[in-house]
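**Student:** Below is the structure I would like to discuss, written out as structure tokens.
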């Protein structure tokens, strides 16, 4: 099995590593902070991050340094950093591990990002269910504050960064950056119309950067070892660094595997995750969380980097790889994800709010063997009228499971409908909303 | 009154935000911790504290699934039913709990101990099937494990099987 250097998971893999401040410092923790604050000019930190090629690990993959560069240079009021820890994309469970096992690595990244964008306040928006994670972060912030890494006049450099944990309350959409901001302002988490972008009008209408946990955790390493080092890992020039891939589904050893970007799904599943649990062949997989279209065994040699996965018709997204074995019903799988999206639609845009309900009802009808052949057209039609017609990317995400399963496994839909026709259930009873 | 009971905690929370309304979710959590749900009384008090109208509090609270608007059992069981858990058997776990407790999703046992809900993804897809009970996660569930968790909760109010800081696979299992 090919082995790769661990970057983000390295500390926590050491026997006895607790994630305490003392443990983190022993591994060289907070050296990047010491090296940077007051010694490197903030724009140079941004330049380094831009040069490293680091792209957002939350889903969209936007270049982090470029995002920071959008903040107005001539604005002297407050600016904010929001750490997006609202990990809710089905199939994704990496941020939870990064926060609960090595919180200081995330905190050091947060302070570095704040320094680069001249923000004095950072909020960690953590999903409400992760109570343990929020407690661990609170404790780590306390330790860092006592040691002078967080707070006023950090390490005597005159730099001020305060960090607070803010718990969400169970809404998937709050992982979308403008919905996160609305939620942090104490409102319903409805995405905002963009532009204006958070870079100019974010939290409290002030310049704001929202970065994912894993993105921020990379920063100390980029500062310590240099942009060139980072830019050489993975699939340069566009997908640099590692990803913490979250493997779930029918594999022998599901879990988090940190690998350079550009490894193939085949390698991830068969070499790292131990292969398939009952040695059945793979029927389908999702390469980047529930919002990413399903792919087929023909795509097993697709490289897991942003460009290659996009070229294969899906997206690398959050790095959540869900694998399904031969025998799994793809209509059922698509319905399960559709039910998720139906439940989580925030209700702001009509195509998504109404469309998700219609999609779920039509899918339930097909599964219940009460479908009609024209339902397939209805499904595609609905999907086409949702995608791209909503304020945020949720609309595109929610149609991915159905569109991609219709594309690759249309026959399964057809067989279910043929069964319905054979049973002569021409007048389907309405299937309840639920 | 929350303000009398949690004075220091509330003022600490308020000090974190330049705009009062940001403290809304944190204060709702205090109310829920105190009573097990958020009563209308608490919503009105929180509205007063944050200079909001009660409808502003209500419109916000109803957006979020984690706030209970009516009392729930001592132990609120929330089982994940999203695809990733379903692939590894969450439907069986849900059926098992339903049979064990004699209630369906949304129901509470007659003794007021357990409320059962089915929920969407809780970010523990590699260790499914999983559930959350109050503040704790329980992962890699089997029928035996569920039995033990329920028995321990009944007997002691807590269970040894709850998850600690998350890491999976554990280092020893990685070759």
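**Student:** Yes or no: residue A:397 within 22 Å of the chain's Cα centre (by Cα) and surrounded by 22 or more Cβ atoms within 10 Å (Cβ to Cβ)?
**Tutor:** Yes: the conditions hold for residue A:397.
**Student:** Can you name every residue in the range A:146-183 that is assigned to a helix (DSSP H, G or I) and more than 13 Å from chain B (Cβ to nearest Cβ)?
**Tutor:** Correct list: A:146, A:154, A:155, A:156, A:177, A:178.
**Student:** Out of (1) at pLDDT 95 or above; (2) assigned to a loop (DSSP other than H, G, I, E, B), what's the single condition that is false for residue A:415?
**Tutor:** (2)
**Student:** Suppose we keep only residues that are surrounded by fewer than 21 Cβ atoms within 10 Å (Cβ to Cβ) and in a helix (DSSP H, G or I) within the range A:309-330. Which one would you say is farthest from the other protein chains (Cβ to nearest Cβ)?
**Tutor:** Going through the qualifying residues, I end up with A:311.
**Student:** When residues of the range A:200-225 are filtered for being within 16 Å of residue A:58 (Cβ to Cβ) and not in a helix (DSSP H, G or I), how many remain?
**Tutor:** Step one: filter the range A:200-225 for residues within 16 Å of residue A:58 (Cβ to Cβ), giving A:202, A:208-219.
Filter once more, so that each one left must be not in a helix (DSSP H, G or I): A:202, A:208-212.
Residues that pass the stated criteria total 6.
**Student:** Name the residues in the range A:189-234 that are within 14 Å of chain B (Cβ to nearest Cβ) and closer than 20 Å to residue A:394 by Cβ, would you?
**Tutor:** A:189, A:190, A:191, A:202, A:212
**Student:** Just to be sure, is residue A:373 surrounded by fewer than 16 Cβ atoms within 10 Å (Cβ to Cβ), over 27 Å from residue A:170 (Cα atoms) and touching a helix residue (DSSP H, G or I) at 6+ places or on another chain (Cβ under 8 Å)? Steps first, please.
**Tutor:** Numbers: surrounded by fewer than 16 Cβ atoms within 10 Å (Cβ to Cβ): yes; over 27 Å from residue A:170 (Cα atoms): yes; touching a helix residue (DSSP H, G or I) at 6+ places or on another chain (Cβ under 8 Å): yes.
Answer is yes for this residue.
**Student:** When you look at residue B:73, is it more than 21 Å from residue A:171 (Cα to Cα) and within 12 Å of chain A (Cβ to nearest Cβ), yes or no? Quick ask: steps written out before the conclusion?
**Tutor:** Numbers: more than 21 Å from residue A:171 (Cα to Cα): yes; within 12 Å of chain A (Cβ to nearest Cβ): no.
Here the answer is no, as residue B:73 does not meet what is asked.
**Student:** Filter the range A:106-124 down to residues that are in a strand (DSSP E or B) and more than 10 Å from chain B (Cβ to nearest Cβ), then give me how many there are.
**Tutor:** First, pick out the residues of the range A:106-124 that are in a strand (DSSP E or B): A:121-124.
Remaining after also requiring more than 10 Å from chain B (Cβ to nearest Cβ): A:122, A:124.
Number of matching residues: 2.
**Student:** Hey, could you check the range A:70-83 for residues that are in contact with a helix residue (DSSP H, G or I) (Cβ under 9 Å, 6 or more places away or on another chain), part of a loop (DSSP other than H, G, I, E, B) and more than 14 Å from chain B (Cβ to nearest Cβ) and say which is farthest from residue A:217 (Cα to Cα)? Break it down stepwise before answering.
**Tutor:** Step one: list which residues in the range A:70-83 are in contact with a helix residue (DSSP H, G or I) (Cβ under 9 Å, 6 or more places away or on another chain), which gives A:71, A:73, A:78-83.
Narrowing the set further to residues that are part of a loop (DSSP other than H, G, I, E, B) leaves A:71, A:73, A:78-79.
Now narrow it down to the ones that are more than 14 Å from chain B (Cβ to nearest Cβ): A:71, A:73.
Working: A:71: 21, A:73: 25 Å.
So, considering only residues that are in contact with a helix residue (DSSP H, G or I) (Cβ under 9 Å, 6 or more places away or on another chain), part of a loop (DSSP other than H, G, I, E, B) and more than 14 Å from chain B (Cβ to nearest Cβ), the one farthest from residue A:217 (Cα to Cα) is A:73.
**Student:** Taking the residues in the range A:57-69 that are surrounded by fewer than 23 Cβ atoms within 10 Å (Cβ to Cβ), within 30 Å of residue A:336 (Cα to Cα) and touching a strand residue (DSSP E or B) at 6+ places or on another chain (Cβ under 8 Å) as candidates, determine which candidate is nearest to the other protein chains (Cβ to nearest Cβ).
**Tutor:** This residue is A:61.
**Student:** Has the range B:96-112 got at least one residue that is surrounded by fewer than 19 Cβ atoms within 10 Å (Cβ to Cβ) and facing chain A (nearest Cβ under 10 Å)?
**Tutor:** No: zero hits.
**Student:** Pairs under 8 Å by beta carbon, first residue in contact (Cβ under 8 Å) with a residue 24 or more places away in the chain in the range A:25-54, partner assigned to a loop (DSSP other than H, G, I, E, B) and crowded, with 21+ Cβ neighbours inside 10 Å, six or more apart or different chains?
**Tutor:** Partner pairs satisfying both residue conditions: A:30/A:149; A:33/A:149; A:52/A:241; A:53/A:241; A:54/A:241.
**Student:** Regarding the range A:59-66, can at least one residue be identified that is at pLDDT below 95 and assigned to a loop (DSSP other than H, G, I, E, B)?
**Tutor:** Taking the range A:59-66 as the starting set, the residues that turn out to be at pLDDT below 95 are A:59-60.
Now restrict to residues that are assigned to a loop (DSSP other than H, G, I, E, B): A:59-60.
For the range A:59-66, residues at pLDDT below 95 and assigned to a loop (DSSP other than H, G, I, E, B): present.
**Student:** Closer than 20 Å to residue B:121 by Cα and either touching a strand residue (DSSP E or B) at 6+ places or on another chain (Cβ under 6 Å) or in contact (Cβ under 8 Å) with a residue 12 or more places away in the chain (or both): does that describe residue A:328?
**Tutor:** Numbers: closer than 20 Å to residue B:121 by Cα: yes; either touching a strand residue (DSSP E or B) at 6+ places or on another chain (Cβ under 6 Å) or in contact (Cβ under 8 Å) with a residue 12 or more places away in the chain (or both): yes.
So residue A:328 fits the description; yes.
**Student:** Please state which of the following conditions residue A:275 fails to meet, knowing it meets all the rest: (1) out of contact with any strand residue (DSSP E or B) (no Cβ under 9 Å at 6 or more places or on another chain); (2) at positive phi.
**Tutor:** Single failed check for residue A:275: (1).
**Student:** Residue A:141 is checked against (1) closer than 19 Å to residue A:214 by Cα; (2) in contact (Cβ under 8 Å) with a residue 40 or more places away in the chain; (3) touching a strand residue (DSSP E or B) at 6+ places or on another chain (Cβ under 7 Å) and fails just one. What number does that condition carry?
**Tutor:** (2)
**Student:** When you scan the range B:1-30, how many residues do you find that are outside any helix (DSSP H, G or I) and modelled with pLDDT of 95 or more? Show your work before the answer.
**Tutor:** Of all residues in the range B:1-30, those outside any helix (DSSP H, G or I) come to B:1, B:6, B:15-19.
With modelled with pLDDT of 95 or more added as a condition, the list becomes B:6, B:15-19.
So the answer is 6.
**Student:** Give me the residue from the range B:134-175 that is more than 11 Å from chain A (Cβ to nearest Cβ) and touching a strand residue (DSSP E or B) at 6+ places or on another chain (Cβ under 7 Å) and, out of that set, surrounded by the most Cβ atoms within 10 Å (Cβ to Cβ). Steps first, please.
**Tutor:** Start the filter on the range B:134-175 by keeping residues that are more than 11 Å from chain A (Cβ to nearest Cβ), which leaves B:138, B:141-161.
Applying the additional criterion that residues be touching a strand residue (DSSP E or B) at 6+ places or on another chain (Cβ under 7 Å) yields B:138, B:141, B:149, B:153, B:161.
Values: B:138: 21, B:141: 25, B:149: 23, B:153: 20, B:161: 16.
My answer is B:141.
**Student:** Give me the pairs, please: first residue somewhere in the range A:111-128 and under 14 Å from residue A:154 (Cα atoms), second residue anywhere and assigned to a strand (DSSP E or B) and at pLDDT below 95, beta-carbon distance under 6 Å, and either six or more positions apart or on two chains.
**Tutor:** Filtered contacts from the range A:111-128: no entries.
**Student:** Does the range A:84-105 contain any residue that is over 18 Å from residue A:22 (Cβ atoms) and either part of a strand (DSSP E or B) or more than 10 Å from chain B (Cβ to nearest Cβ) (or both)? Please lay out each step first, then the result.
**Tutor:** Within the range A:84-105, the subset over 18 Å from residue A:22 (Cβ atoms) is A:84-99.
The next check asks that each one be either part of a strand (DSSP E or B) or more than 10 Å from chain B (Cβ to nearest Cβ) (or both); those that pass are A:84-85.
Yes, that holds for at least one residue.
**Student:** With (1) surrounded by 21 or more Cβ atoms within 10 Å (Cβ to Cβ); (2) touching a residue at least 24 places away in the same chain (Cβ under 8 Å); (3) within 13 Å of another protein chain (Cβ to nearest Cβ) as the list, and residue A:186 as the residue in question, which single condition is left unmet?
**Tutor:** It is condition (2) that residue A:186 fails.
The values are calculated or read from the model by the stated rules, or taken from the named source; none is laboratory data. Computed from a predicted structure; not experimentally measured. Please note: Cβ atoms are built from the backbone with ideal geometry, for glycine as well, and neighbour counts cover all protein chains shown.
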